[in-house]
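Engineer: Before I ask anything, here is the structure I am working with.
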Amino acid sequence: MPLIKVHLRQGRSQQDKDAMAAGIQSALVEVLGIPDADRYQLFTEYGEQDFRHTEAYLGLSYSPRLVMIEITIVEGRDDELKKALLAAVSQNLVSVGVVGPDDVFVMVYEIGRACVSFGQGLAQRAQ
C-alpha cells in the first residue's frame, strides 16, 4: 500500500524519474516485503521559486539535485525496519547516479489500516 510522493526540481529527465521510481520500489519490495505490483507513485516537479530548502543541515550539503520523498505506509513496522528502508532508498538512488548521497531527503508516515481504500470505498487492509 505504500504511497510514494517524490518532489523534485523541474528539468529531470524521464530516465532519471524512471530510475528513481524503480529504486524506491525496489527498496520497498526488498525491505518491507511488499509485492512489486503494489506500486503507487506520484512525481511532482517544481520551478526554482517553489522548491526551497536550506543549503546545508546536520553536516549535509544539498545540491540542485535534491529530491524530497514522502513514503506513507500502514502502521506496525518497527523502527529498525524503517531505518533499513531509508538506507535502501538512498543507496538505490545513489547507485544509479540520479542523486548524490546528501540529496535524498525521505520522510516516512504511518497510517492505520482503516485509513486507506484501494477503491470501491472499502478499507481492504482493515481486519
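The values are calculated or read from the model by the stated rules, or taken from the named source; none is laboratory data. What you see is a predicted model, and the numbers here were worked out from it, not measured in a lab. Cβ: placed from backbone, ideal geometry, glycine included. Neighbour counts: every protein chain shown. Note: areas computed on protein heavy atoms with side chains; ligands, DNA, RNA excluded. Shrake-Rupley method; radii C 1.70, N 1.55, O 1.52, S 1.80 Å.
Engineer: I want to check the label-to-label distance for S26 and T54. Put each point 7 Å from Cα in the C-beta direction and report it in nm to one decimal.
Structural biologist: Computed distance between label sites S26 and T54 equals 3.1 nm.
Engineer: Which value, in nm² and rounded to one decimal, describes the direction-averaged projected area of the C-alpha convex hull of segment 50-110? Intermediate values should be presented prior to the final figure.
Structural biologist: Numbers: hull surface 19.2 nm².
Over every viewing direction, the Cα hull of segment 50-110 projects on average to 4.8 nm².
Engineer: Peptides 3-15, 113-125: what's the order by average Cβ count within 10 Å, highest mean first?
Structural biologist: On the way: 3-15: 14.7, 113-125: 11.2.
By packing density, highest mean first, the sequence is 3-15, 113-125.
Engineer: How many percent of all Cα-Cα pairs in segment 15-123 sit more than 18 Å apart? Mind showing how you got there, number by number?
Structural biologist: Values: 3211 of 5886 pairs.
Considering segment 15-123, 55 percent of its Cα-Cα pairs are separated by more than 18 Å.
Engineer: Specify the longest stretch of the chain that does not include any exposed loop site, a site being one of the GluC sites (Glu not before Pro) with a non-H, G, I, E, B DSSP assignment and at most 16 other Cβ atoms within 10 Å. Kindly include the intermediate steps, with their values, before the conclusion.
Structural biologist: Working: sites that count: E55, E75.
Here the longest segment lacking exposed loop sites spans 1-54.
Engineer: OK, next. Compute the long axis of helix 79-95 from its Cα atoms, compare it with the longest principal axis of the Cα atoms of the chain, and write down the angle in degrees, 0 to 90, nearest 10.
Structural biologist: Taking the Cα atoms of the chain, the angle to 79-95 is about 40 degrees.
Engineer: Using a cut-off of 19 Å between alpha-carbon atoms, which aspartates and glutamates can reach K82, once sequence neighbours fewer than 8 places away in the same chain are excluded?
Structural biologist: E30, D36, D38, E70, D102, D103, E110
Engineer: In segment 1-125, carbon and sulfur make up what percent of the accessible area (probe 1.4 Å)? Walk me through the numbers before you get to the answer.
Structural biologist: Working: 3700 of 7150 Å².
Ligands and nucleic acids excluded, carbon and sulfur reach 52 percent.
Engineer: What accessible area per residue, rounded to a whole number of Å², is obtained for the chain using a probe radius of 1.4 Å? Could you put the intermediate results ahead of the total?
Structural biologist: On the way: 7390 Å² over 127 residues.
With all protein chains present, the chain gives 58 Å² per residue.
Engineer: Give me the angle, in degrees from 0 to 90, between the Cα long axis of helix 14-27 and the longest principal axis of the Cα atoms of the chain, rounded to the nearest 10.
Structural biologist: Once rounded, the angle reads 50 degrees.
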